[in-house]
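Asks: Questions regarding the structure given below will be posed in turn.
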Amino acid sequence: MRRETTRWRKLAVAGLSAGLSLLCGCILLPNDPPVAQFLAAPVSGSVPLTVTFDGSGSYDPDGWIRSYRWAFGDGTTAEGVTATHVYSAPGTYTVRLTVEDQRFATSTASGEVEVRAGTNYAILIGVATYPPPQIPLGYTDDDAWALGERLASLPGWRAQNIQVLTNGQATLGAFRAALDAVAAVAGPDDLLFVGFSGHGTYYVDLNGDEADGFDEALIFYDAPLLDDMLVLWLEEVPVGKLAVSIDACYSGGHLDARSARTAATPKLPGAASVLDDLERGWTRMQKDLGRVPKTLVAMAASRADQVSWEVASLRHGIYTYALLEALDGRADAAGNGNGMTSMEECFAYVSPRVQALALAHAGEVQTPQLLDRAEGELEICGVP
């Protein structure tokens, strides 16, 4: 009996020793640290610059990654496999991604983002008081002034870089002089915002470059500006970013409810618009190496076969009224919420809003249009 007890003790000790050996072996196994790596796009650009970071290429050779921590170089941080950050001041920022594995080992990767200084310029035209025989409008000059005031109040804009031309000041010569003034100081990191509110019309195409047989035109105080000339003038301004907003119709003008049916001669559905001409101009800009390639986003208040309405109770054109709402932060709130308002976010907000307002106030259909030639989004201002 004594020998049996001794034998069981020996077995128990042997089992305990084996268990301890296994346990010690687990504890003492080496842990390879994780490998941190990430991609950033874009890695350079002008203020404001939105950069997307992707750390999904990081890995752990003998386990898994439990956390991703970002430091963007400007005092802000984030967590997650991916992150998006807006740089609002120029500078060269060192971005760091730190990953941690399941056994708390860490690794860090770094890279640089270059943010260049850029200036925002705006030329805003609003013509309500036309000389005969043009039909006067009610609020198109108010559209231009209100848009100028809104931009001046937003982060990224300075009042001295915003020129508003209304009524008798809104001549072709004044517009060209304003473009020349921007061209004299602007560069590829800068943004030019051009806004027009007034009559729009069309003429028979004389040079054969229009698919629908018509040249579109914006009616300034003293003369029409054909789409071909508008594109040429905009091409000559050496900015890298161009935003265009047109609150006019192409079938007779920006008319109120009293005059629309008598003054408008509708174009055929599907007819080409100023946006089509801007797109052709954008294509030429990319092919002509002697010019600065531009990021271009343009919005128009209505289709080429629709009128663009203004409403007394709103004291604005419907489209401009919705655009002013979009710029007060609503577009970004309904978009990506990154604190910057883009032209694309404006259009996403403005389009359904205009259609609802046009049906409610005029009983008509008005469908805004968008031309987007930007990689990502063209951000034009911060959120107030």
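Asks: As an exercise, use a Förster radius of 35 Å and the Cβ-Cβ distance of Ser67 and Ala41 to find the FRET efficiency, rounded to the nearest 0.05.
Replies: The formula returns an efficiency of 0.95 here.
Asks: Quick one, what does Rg over Rh come out to for the range 294-384 if you take C-alpha atoms and the Kirkwood Rh?
Replies: Rounded to two decimals, Rg over Rh is 0.98.
Asks: Taking N as the number of residues in the range 85-137, what is its Cα Rg relative to 2.2 N^0.38 Å?
Replies: 2.61
Asks: Give me the 1.4 Å probe accessible area per residue for the range 294-384, excluding ligands and nucleic acids, in Å².
Replies: About 35 Å² of surface per residue is accessible.
Asks: List the residues, sorted by chain then number, that are 5 or more residues from Asp215 or on another chain and whose placed amide H is less than 5 Å from its amide H.
Replies: Answer set, sorted by chain and number: Tyr203, Val204, Asp205.
Asks: Here is a further query. Write down the Kirkwood hydrodynamic radius of the range 105-168, to one decimal in angstroms, obtained as one divided by the mean of 1/r over all alpha carbon pairs.
Replies: Taking every pair of different Cα atoms in the range 105-168, averaging 1/r and inverting gives 14.8 Å.
Asks: When the accessible area of the range 82-189 is split by element with a 1.4 Å probe, what percent falls to carbon and sulfur?
Replies: Of the solvent-accessible surface of the range 82-189, carbon and sulfur hold 49 percent.
Asks: Sticking with this one: How high is the FRET efficiency between Leu29 and Thr52 when r is their beta carbon distance and R₀ equals 30 Å, given to the nearest 0.05?
Replies: On the way: r = 38 Å, r/R0 = 1.25.
E between Leu29 and Thr52, to the nearest 0.05, is 0.20.
Asks: On to the next question. Sorting Asp142, Asp60 by accessible area (1.4 Å probe), largest first, what list results?
Replies: On the way: Asp142 55, Asp60 20 Å².
The residues order as Asp142, Asp60, largest area first.
Asks: Here's something else I'd like to know. What nm distance separates the two modelled labels at Ala78 and Gln102, each placed 7 Å from Cα along Cα→Cβ?
Replies: 2.8
Asks: A further question follows. How much length, in nm to one decimal, is gained on full extension between Arg176 and Leu370, taken as 0.36 nm per residue of separation minus their Cα-Cα distance?
Replies: 67.4 nm
Asks: For a Förster distance of 22 Å, can you work out the FRET efficiency between the beta-carbons of Ala89 and Asn336, rounded to the nearest 0.05?
Replies: The calculated FRET efficiency here is 0.65.
Asks: How much length, in nm to one decimal, is gained on full extension between Glu236 and Ala356, taken as 0.36 nm per residue of separation minus their Cα-Cα distance?
Replies: That pair, Glu236 and Ala356, stretches by 39.4 nm at full extension.
Asks: Test of understanding: what is the full-extension gain from Gln134 to Ala159, defined as 0.36 nm times their sequence separation minus their Cα-Cα distance?
Replies: Here the answer is 5.8 nm.
Asks: Among the trypsin sites (Lys or Arg not before Pro) within the range 62-149, which fall in a DSSP loop and have no more than 15 other Cβ atoms within 10 Å of their own Cβ?
Replies: For trypsin sites (Lys or Arg not before Pro) across the range 62-149 that sit outside H, G, I, E and B with at most 15 neighbouring Cβ atoms in 10 Å, the list reads Arg103.
The values are calculated or read from the model by the stated rules, or taken from the named source; none is laboratory data. As the structure is a prediction and not an experimental result, all values here were calculated from the model. Cβ atoms come from the backbone with ideal geometry, glycine included; neighbour counts cover every protein chain shown. The accessibility values were calculated without ligands, DNA or RNA, using every heavy atom of the protein model including side chains. Shrake-Rupley method; radii C 1.70, N 1.55, O 1.52, S 1.80 Å.
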